[in-house]
Structure formats: structure tokens, C-alpha cells
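The values are calculated or read from the model by the stated rules, or taken from the named source; none is laboratory data. Small disclaimer: the values here were computed from a predicted structure and weren't measured. All Cβ positions, even for glycine, are placed from backbone atoms using ideal geometry, and neighbour counts span all protein chains on display.
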Amino acid sequence: MIGCRRERSYEMAFFSWLGARAIGTTTYLGELILLFQEAAVSVFAGRARWKLVLAQIWEIGYRSQVVVIVTGAFTGAVFTAQTFFQFRNLNMESAVGPVVSVAMCRELGPVLSGLMVAGRVGAAMSAELGTMKVTQQIDALRALAVSPVDYLVAPRMLAIFLAMPILVAECIFSGIFSGFLVATKVLDVNTAYYVANMSRFTGGDDILMGLVKGFVFGLIIVTISCREGLQAKNGAVGVGRATTEAVVIGSLAVLIVNFFLTMALNIFFPAGSDV
């Protein structure tokens, strides 16, 4: 009898915990949607401050280039080497080019760019806004009849919307180019076959799919980072917690959303449709 009561208490505790997590997740998603909606309305209403937008483009786009390019280059190089070592057993060395280029365009380029931007830019955004929140600067903006979303979130959203596809394109190009150098100069793959097969099996749909993912990932990162910063509290400890959560949640969101984007976008951009 006592054992049955204990089992029921454990079950009740588990379902209570599960329900609390479900409610918390739903509330969090609702806050993200409302923040994104308010920022998008501000952008389309023309309330974005272009001086702030240009400053954020410099911070988000220009200063993230080195990280994204280096990440793409070495990912393309090591992916090319691993693909070559496996394909060599099947006498398919000339197929390395298409595999690397399509993978960089459709998956590796946008995902790696998203993760790098989430780590670098997401942390900076949440820390900056969190510091403003705990030092009551955001309350001062409201006292001056200035919307924090118009002044802080909308410029960052517009900037990352413009900068993220360029970063993804740079990551893709650096990965494909480094893979080409490793394959042809280090692994002695025939240059003509490599380039011909890569050009044949890589089309505009592959590149477009990567750019679309870049748009989506950028909006996800900026929304999560700004939300965490605007909700920061408890001083320096809260700012540090908000920064950590922005990076972790943003990175996980990129990986999770990437799966659903891949399944959905392959309907509109099927692999090999340009061949």
C-alpha cells in the first residue's frame, strides 16, 4: 500500500514537472513571437534608425567575417579530406567535389555560420541589452517615450537580416575553395574532373537554400538574444546568465530549426533539380 502511494507521488511529481516545462516553453515561445512581431512592425513601418542599423551591420557583419571564413575554410578542407579517404576505396575520387559543394551550400555553410554568429553576436547583444536593463537605461528610454524595441531591437534585426546571407555566402565560398585546394593540390584529384562534376551537380537551388537558411537563422538569433537581454535581472549575475542562455538557446534553436527547414525547403529546392 505504501509502495503504491510512493509510485503515485513519483508519477504526480513527474507529470507536474513535465507540465511546468511545457507551460514554460510555450510562454517562452510566445514571448519570442511577440517580440519578433513588434520588431518586424517597427521595421516595416519605417521606424528603424538607419544610423544604428549601419553600426550594427559593422558589428554583426564586418566583424564576424574572419570567424565565419576561417570556420568555413577549415570545415571544407577537413570534410574534403574525409570524403576523399572514403571515396577512394570505391574509386570515386572525382565525386568528392559535388559532395563537398552541395553539403557546404545546403547544410554546413548556413549551420556553421549560424552557430558562429550565435556565439559571437548573440552573446554581445544579450550582454549589451542586459547591462542596459539592470542599470535602468531601458526604463529611461520608456520615460522619454522611446520604444526599446524601436531603438534597440529593430536596428539589430534589420542589420542581421542584411548581413547574415552575406556571411553564409562567404562561409560557403571559403569552404568550397579550401576543399578544392586540398583535393587538387594535396590529394592529387584531377582538377578537370573535380571542377566539371562540382559544376554539374551544384546549382542555384543549392545556393539559394543556404541563403534562405541564413535569413531564418539570423532572425532566430537576434530575437532570442534580444529577448534574453531585455529580460535580464539581478545585476551582473543576471547579465551573465542571460548571455549564457542566449548562446545556448540560440545554438540549439539553429540546429533544431535546421532540420525542419531542410525537410521543408527540399520540397521547393530538391537536390539535383538544376542538373
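Find all pairs meeting these conditions: Cβ atoms under 7 angstrom apart; at least six residues apart or on different chains; first residue within the stretch 18-45 and more than 17 Å from GLY218 (Cβ to Cβ); second residue surrounded by 14 or more Cβ atoms within 10 Å (Cβ to Cβ). These pairs meet every condition: GLU31/ARG227; GLU38/VAL149. If the condition is being touching a helix residue (DSSP H, G or I) at 6+ places or on another chain (Cβ under 7 Å), more than 21 Å from VAL121 (Cα to Cα) and not hydroxyl-bearing (Ser, Thr, Tyr), then the stretch 39-60 contributes only ARG47.
Inspect the stretch 142-149 for any residue being over 30 Å from GLY46 (Cα atoms) and surrounded by fewer than 22 Cβ atoms within 10 Å (Cβ to Cβ) and give the result as yes or no.
Looking for residues that are over 30 Å from GLY46 (Cα atoms) and surrounded by fewer than 22 Cβ atoms within 10 Å (Cβ to Cβ), one finds none in the stretch 142-149, hence no.
Within the stretch 94-118, residues that are in contact (Cβ under 8 Å) with a residue 60 or more places away in the chain and closer than 20 Å to GLY203 by Cα reach partners that are of a type outside the set (Ser, Thr, Tyr) and outside any helix (DSSP H, G or I) with beta carbons closer than 8 Å, at six or more positions or on different chains, in the pairs SER94/VAL189; SER94/ASN190; VAL96/VAL189; GLY97/VAL189; VAL102/ALA271; ARG106/ALA271. No other residue among SER126, SER94 is among the small types (Gly, Ala, Ser) and buried (at least 21 other Cβ atoms within 10 Å of the Cβ) apart from SER126. Only one of the numbered conditions (1) without any contact (Cβ under 8 Å) to a residue 12 or more places away in the chain; (2) under 17 Å from the mean Cα position of the chain (by Cα) is not met by ILE220, and that is (1). Being within 22 Å of the chain's Cα centre (by Cα), acidic (Asp, Glu) and farther than 22 Å from VAL67 by Cβ is the requirement here; does ASP205 meet it? In short, yes. Counting only helices (runs of 4 or more DSSP H) that sit wholly inside the stretch 55-142, those with at least 3 residues that are more than 30 Å from VAL186 (Cα to Cα), out of contact with any strand residue (DSSP E or B) (no Cβ under 6 Å at 6 or more places or on another chain) and modelled with pLDDT of 90 or more are 123-134. In the condition set (1) touching a Pro at 6+ places or on another chain (Cβ under 7 Å); (2) outside any helix (DSSP H, G or I); (3) among the aliphatic types (A, V, I, L, M), VAL168 is compliant with all but (2).
A Cβ distance below 9 Å, combined with a sequence gap of six or more or placement on separate chains, defines the contacts here; from the stretch 126-149, residues that are in contact (Cβ under 8 Å) with a residue 12 or more places away in the chain reach residues that are part of a loop (DSSP other than H, G, I, E, B) and of a type in the set (Gly, Ala, Ser) in the pairs SER126/ALA232; ALA127/ALA232; LEU129/ALA232; GLY130/ALA232; THR131/ALA232; MET132/ALA232; LYS133/ALA232; VAL134/ALA232. Contact map, the stretch 242-254: residues that are on the phi > 0 side of the Ramachandran plot and buried (at least 18 other Cβ atoms within 10 Å of the Cβ) paired with residues that are at pLDDT below 95 and in a helix (DSSP H, G or I), Cβ distance under 6 Å, separation 6+ or inter-chain. No pairs are found.
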